[in-house]
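Participant: First the structure, which I've put down as structure tokens, then a few questions once you've had a look.
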Amino acid sequence: MSDERRVTISVIKADIGSIAGHHKVHPDTMAAAARVLAEAKRKGTIIDYYVTHVGDDLQLIMTHRKGVDSSDIHGLAWEAFKKAAEVAKELGLYAAGQDLLSDAFSGNVRGLGPGVAEMEIVERRSEPIVVFMADKTEPGAFNLPLFKIFADPFNTAGLVIDPRMHDGFKFEVLDLYEGKYVVLNSPEEMYDLLALIGTPSRYVIKRVYRKSDDEIAAVVSSERLNLIAGRYVGKDDPVAIVRAQSGFPALGEILEPFSFPHLVAGWMRGSHWGPLMPVGLRDAKCTRFDGPPRIIGLGFNITKGRLIGPVDLFDDPAFDETRRLAQQIADYMRRHGPFMPHRLGPEEMEYTTLPQVLEKLKNRFTDAEYYTKYVHVKLRGVVKEAESEAHD
Ligand code: F6R
Ligand code: MG
Ligand code: MG
């Protein structure tokens, strides 16, 4: 295939500081980043770019011919974030420079703080894509919608009707804890797939491929900053790129799962379950209880590498009822206050500031003798009985 049709779309994002709390990116920081990308476009490093934000995350959407994981492109994004962070510092914005975890760039922004979703494709005659960007949630938030888009015939009519999609799709699932991945075929291995991705804090859909020809269909950012930094540094607000139409799911099939505001982890202090609310750009900011978690969807055509668009896909009354339902779910969840299941479970809370609070209480505990004397002894007996039964 001729090189001029080969193009890479890179979406790289970082929280480099925001106005009035973890709320919204300042236009001056976006302008600073855009200046860096404009210069790179002039020099020919990138073909095109679009700078935007969702909540407190600055988003760089770039097209180029350098492939994924290019040190030129990652270096460029790093420079843009640095410049934006300088402005954030000058303006005294909140958490200025937050996601730039290191001072030294070493060829790739992965592991340094920013989130990355990239795909290299051979441009079709018309190449429609959707870029999804979410705030106050984590990469696993895309598990449910991507499953619906690429594996659920009740969502995607094309899986049944369109012969080009009828064979199904392949899901690359990443185990964020072990740093391993597995590729599962749908529909044949759908139940295995669900067994993994139903745990979105650990197993994350990283890429989706069309089974008939291995064409890439979707990619998600999968960085988890807390696992990288070993401490709480936000919830790794994720981004995803999805290809649309003509043998891939139709635009409307891609948007359809977002009509259900499913519960995602994140929201206040990255520590709560809440509904994912699809919004237009004007509402791409987090307010109530630092949320609720929000997602925007921008549609583009890639034409000779140029980004034609965007269209603001959730800025539409068709999603009004979803937003209303999301508000009701937000009300319902909020009424649990600090209780699970609004607050995340202990395993996830490990990466927040809660362990510091629990540490303080450690020495206040004294032995509950009556408990150890009676209950423990009985419990041990039950366990022994069960063990001997198992051996019989
Ligand atoms: C969640 C988030 C916010 C902050 C919260 C407290 O991802 O960014 O909910 O966790 O506003 O922030 P600090 O500790 O900076 O006051
Ligand atoms: Mg922030
Ligand atoms: Mg954010």
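The values are calculated or read from the model by the stated rules, or taken from the named source; none is laboratory data. All values derive from a computational prediction rather than experimental measurement. All Cβ positions, even for glycine, are placed from backbone atoms using ideal geometry, and neighbour counts span all protein chains on display.
Participant: Within the range 81-111, restricting attention to residues that are of a type outside the set (A, V, I, L, M) and at pLDDT 95 or above, which residue is nearest to Val51 (Cα to Cα)?
Facilitator: Top of the filtered list is Phe81.
Participant: Of everything in the range 52-74 that's within 16 Å of ligand 3 (Cβ to nearest atom) and part of a strand (DSSP E or B), which residue is nearest to Ile302 (Cα to Cα)?
Facilitator: Among those that are within 16 Å of ligand 3 (Cβ to nearest atom) and part of a strand (DSSP E or B), it is Leu60.
Participant: Starting from residues that are more than 15 Å from ligand 2 (Cβ to nearest atom) and surrounded by 19 or more Cβ atoms within 10 Å (Cβ to Cβ), keep the ones in the range 84-110 and report whichever is nearest to Ile296 (Cα to Cα).
Facilitator: Looking at residues that are more than 15 Å from ligand 2 (Cβ to nearest atom) and surrounded by 19 or more Cβ atoms within 10 Å (Cβ to Cβ), I get Val109.
Participant: Name the pairs: first residue in the range 336-364 and under 19 Å from Tyr203 (Cβ atoms), second residue part of a loop (DSSP other than H, G, I, E, B) and of a type in the set (Gly, Ala, Ser), Cβ to Cβ under 6 Å, at least 6 apart or on different chains?
Facilitator: Leu344/Ser271; Glu348/Ser201
Participant: Just to verify a result, which residue in the range 124-144, among those that are under 19 Å from Leu176 (Cα atoms) and more than 16 Å from ligand 1 (Cβ to nearest atom), is nearest to the chain's Cα centre (by Cα)?
Facilitator: Among them, the one singled out is Phe142.
Participant: Could you tell me which numbered condition Lys136 fails, if it satisfies all but one of (1) touching a residue at least 12 places away in the same chain (Cβ under 8 Å); (2) on the phi < 0 side of the Ramachandran plot; (3) not assigned by the TED database to the domain that holds Arg5?
Facilitator: Exception for Lys136: condition (2).
Participant: Could I ask something else about it? Going through Ala88, Ala96 one at a time, which residue ends up being within 16 Å of ligand 1 (Cβ to nearest atom), farther than 19 Å from Val131 by Cβ and in a helix (DSSP H, G or I)?
Facilitator: Ala88
Participant: For residues that are of a type in the set (Gly, Ala, Ser) and under 18 Å from Thr287 (Cβ atoms), scanning just the range 306-339, find the one that is surrounded by the fewest Cβ atoms within 10 Å (Cβ to Cβ).
Facilitator: Checking each candidate, the answer is Ala330.
Participant: Filtering the range 111-151 down to residues that are closer than 24 Å to Val264 by Cα, in contact with a Ser or Thr (Cβ under 9 Å, 6 or more places away or on another chain) and among the acidic types (Asp, Glu), which residue is farthest from ligand 2 (Cβ to nearest atom)?
Facilitator: Across the range 111-151, the extreme among qualifying residues is Glu118.
Participant: Now for a different question. Just wondering, is there one or more residues in the range 23-40 that are in a loop (DSSP other than H, G, I, E, B), touching a Cys at 6+ places or on another chain (Cβ under 7 Å) and touching a residue at least 12 places away in the same chain (Cβ under 8 Å)?
Facilitator: Within the range 23-40, one or more residues are in a loop (DSSP other than H, G, I, E, B), touching a Cys at 6+ places or on another chain (Cβ under 7 Å) and touching a residue at least 12 places away in the same chain (Cβ under 8 Å).
Participant: Still on this structure, please answer the following. Only one residue in Arg110, Arg125 is away from ligand 3 (no atom under 16 Å from the Cβ), in contact with a strand residue (DSSP E or B) (Cβ under 8 Å, 6 or more places away or on another chain) and not in a strand (DSSP E or B), so which one is that?
Facilitator: Only one candidate qualifies: Arg110.
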